[in-house]
2 protein chains.
Amino acid sequence: MNEFKFINELVKTLEIKDKDVLVGFGDDCAVVNCGGKKLLFTNDILVENRHFIKSKISGRDLGWKLVSVNVSDVVSSGGFPRWANISIAISKEDIEYIKDIYLGIKEALDFYKFSVIGGNTSSSEKLILDFFLVGETDRYITRDNAKAGEKVFISDYLGLSRAGLELLLMNKDRYEDFELKLIKYHTRPVARIDLVNLLKESASSCIDISDGLAGDLGHISRLSRKRIVIEENKLPIHPLLKMYCEKYNKNPIDYILYGGEDYQLAFTSSKDIGNCFEIGYIEEGEGVYLKTECGNTKLKDIGFSHI
Amino acid sequence: MNEFKFINELVKTLEIKDKDVLVGFGDDCAVVNCGGKKLLFTNDILVENRHFIKSKISGRDLGWKLVSVNVSDVVSSGGFPRWANISIAISKEDIEYIKDIYLGIKEALDFYKFSVIGGNTSSSEKLILDFFLVGETDRYITRDNAKAGEKVFISDYLGLSRAGLELLLMNKDRYEDFELKLIKYHTRPVARIDLVNLLKESASSCIDISDGLAGDLGHISRLSRKRIVIEENKLPIHPLLKMYCEKYNKNPIDYILYGGEDYQLAFTSSKDIGNCFEIGYIEEGEGVYLKTECGNTKLKDIGFSHI
């Protein structure tokens with residue numbers, strides 16, 4: 001949708017003159033200096049029938065997901081979540097669904113250990129949820145600091161959420177067990193808050209994979225002005241994704257490169273990171289390339305279209 | 001709309017365990033402690049055809065208003081605005097209108113002197129704007145600290161925005177000059193950032209008048225557990241409101257007590273405040289009363305219905 005790019009350009013015209021603003025637009029979080037601490041700002045809006053369909057996700061899962069997608073941005077910037085505001089715009093018919101959303105939000109706040117402290121309620125024909133989150137760190141990580149010679153890591157298997165979404169949209173009367181597990185990857189992502197300290201110690205750049213690995217690494221490549229080479233034979237394929245692709249005659253590599261909403265992390269480091277997957281390396285140059293037996297192919301810098 | 005109360009109750013079930021949270025839900029801003037500084041959190045969402053009608057307000061005015069209504073919350077909590085995120089959800093047809101919105105936002109940021117540092121863009125059938133603002137102060141003001149014996153002040157004339165809205169909705173082909181001025185009070189409110197230092201020095205409690213004086217003083221009364229007496233003969237009537245009420249056969253006192261969206265401030269203080277209007281006093285007891293020649297009347301605790 002081209003108007004997104006247009007708006008993003010428009011937003012950037014809002015000049016920032018404040019010397020306490022360390023990172024502005026264009027990263028997972030904006031960063032400000034507050035009395036020596038670094039605060040991380042992020043928000044994500046979920047609009048009914050654009051980002052979710054009520055009949056396809058329970059209120060509880062949606063509440064969980066609303067929190068998790070924002071926590072994922074804070075985590076990828078090297079911080080822990082602290083305080084959030086929530087905007088909600090509802091129609092009368094949404095009352096029961098909203099109760100469930102709040103159960104999911106509460107579950108997520110308990111899990112990630114932070115507080116919603118304020119918000120705003122309004123009416124609307126379609127359900128709208130906007131979550132604004134402030135995190136905190138002593139060392140923040142951006143997208144623009146990858147260095148030639150470093151390795152590229154992902155925090156876990158990818159592509160499962162996309163497979164889960166496709167299954168949901170098939171509207172099947174019955175799903176196999178492995179399919180239900182895949183759907184859960186889509187409806188119930190878990191932000192990698194367990195990796196914050198590892199990232200702060202080891203990552204030179206980081207991004208959360210919400211739009212697909214190829215597109216999101218494209219941001220690191222462009223902002224760091226480096227070439228990223230992904231080695232196809234190092235891309236890990238989850239057994240559930242393998243089953244899905246065999247059943248529906250799909251190519252798992254497509255799901256790993258272009259599937260979205262995994263909310264795993266891609267990051268660069270000069271170190272060896274035992275509990276993450278090393279999938280490639282950084283060179284001088286530009287673009288994101290896939291290295292296969294047949295040579296290097298430049299990947300399309302396309303994002304995932306949510307729903 | 002009863003579901004608002006329902007949601008507000010639901011939100012309060014999200015327990016806050018963080019000792020750095022000094023004020024949670026229920027005030028103009030939430031307040032957190034950040035390395036000795038006090039940060040003020042607020043947000044306001046504007047949904048097309050609920051909070052605004054595109055044909056009735058220019059994009060530029062809407063952008064200005066979006067910023068101003070949030071600044072007003074920070075001001076009434078005794079702070080200056082610092083950093084904001086903006087969420088915007090648009091349809092393709094909105095592009096030109098959005099350009100104007102950003103002009104208005106930019107104007108307001110220059111006027112109030114702070115920065116938008118991040119945000120989120122999404123698609124939607126109806127235009128949605130959500131503005132999240134963090135302010136800063138060394139002394140915050142809440143709604144719950146009015147004391148018996150103190151005086152009640154308003155920062156300027158009230159009721160003009162409501163008259164302006166009514167004029168807009170009359171869909172007249174031509175408006176008189178004084179009517180155009182009233183409309184501007186509705187479309188272009190100015191948050192009272194000039195009063196922040198005065199409030200910090202003098203106010204024991206404060207609220208921004210967005211839903212109408214009677215309703216908003218009701219919040220101070222309830223949270224401070226005090227009675228508020230408004231003296232009718234002290235309520236200032238703006239000459240433009242007088243002209244409006246004479247022309248359309250309305251009672252200006254209704255507009256002053258129940259008109260909304262003025263974004264002026266109501267506050268309590270034991271001091272004399274020269275440049276604001278003293279309109280009443282605080283007693284032990286409960287409720288908001290209007291003192292007239294005929295005695296005291298308890299005011300209905302009703303808010304203003306936006307649009």
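Bear in mind these aren't lab numbers, they're just calculated from the coordinates by the rules spelled out. As the structure is a prediction and not an experimental result, all values here were calculated from the model. Note that each Cβ is placed from the backbone with ideal geometry, even for glycine, and that neighbours are counted across all protein chains shown.
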Check your understanding: What average number of partner chain Cβ atoms lie no more than 10 Å from the Cβ of the residues making up B:85-98?
Key -> 4
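Where the convex hull is taken over the Cα atoms of chain A, what is its projected area averaged over directions, in nm²? Let's see the in-between values first.
Values: hull surface 67.5 nm².
That works out to 16.9 nm².
Within 10 Å, count the other beta carbons around each residue, average over each peptide in A:15-28, A:77-90, A:142-155, and list them highest first. If you can, show how the numbers build up before the last one.
Numbers: A:15-28: 17.1, A:77-90: 26.0, A:142-155: 20.1.
Packing order, densest peptide first, comes out as A:77-90, A:142-155, A:15-28.
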Check your understanding: How far is A:ARG139 from the same spot in each other copy, in nm, shortest first, if each label point sits 7 Å from Cα toward Cβ?
Key -> 4.1
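Hey, what does the equivalent ellipsoid look like for region B:54-195, semi-axes from the Cα gyration tensor as sqrt of 5 times each eigenvalue, largest first, whole Å? Walk me through the numbers on the way to the answer.
Numbers: eigenvalues 156, 110, 29 Å².
Value: 28, 23, 12 Å, ordered largest first.
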Practice item. Evaluate the charge dipole of chain A about its Cα centre and quote only its size in Debye, nearest 20, assuming +1 on the Cβ of each Lys and Arg and -1 on the Cβ of each Asp and Glu. Key: 160 debye
Check your understanding: Can you pull the percent of Cα pairs in region B:184-244 with separation above 16 Å?
Key -> 63 percent
Point to revise | Pairs of alpha carbons in region B:166-279 whose separation is greater than 23 Å (percent) | key: 35 percent
Revision key, fill the gap. Kirkwood-based Rg/Rh on the Cα set of region A:237-276 evaluates to 1.08
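Taking only Cα atoms of region B:8-137, what ratio of Rg to Rh do you get with Rh as the Kirkwood inverse-distance radius?
Values: Rg = 15.6 Å, Rh = 15.5 Å.
In region B:8-137, Rg relative to Rh is 1.01.
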Review point. Can you give the average number of partner chain beta-carbon atoms within 10 Å of each beta-carbon in peptide A:40-48, as a whole number?
Key: 5
Revision key, fill the gap. The relative contact order of region A:13-137, taking Cα pairs under 8 Å that sit 6 or more residues apart, comes to a percentage of 35 percent
Review point. So what's the Cα pair-distance distribution over the protein assembly as shown, bin width 20 Å, in %?
Key: 19, 50, 24, 6, 0
Review point. Going highest first, how would you order A:95-106, B:197-208, B:239-250, A:60-71 by mean Cβ packing within 10 Å?
Key: A:60-71, B:197-208, A:95-106, B:239-250
Review point. What is the total of Lys pairs in region B:8-137 with C-alpha atoms under 14 Å apart, excluding same-chain pairs fewer than 8 positions apart?
Key: 7
Check your understanding: If the label point is 7 Å along Cα→Cβ of A:MET170, which residues in region A:50-76 have backbone nitrogen under 15 Å from it?
Key -> none
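Peptide B:7-14: average number of partner chain Cβ atoms within 10 Å per residue? Walk me through the numbers on the way to the answer.
On the way: counts 13, 2, 0, 10, 10, 0, 5, 11.
Counting other chains' Cβ atoms within 10 Å and averaging over B:7-14 gives 6.
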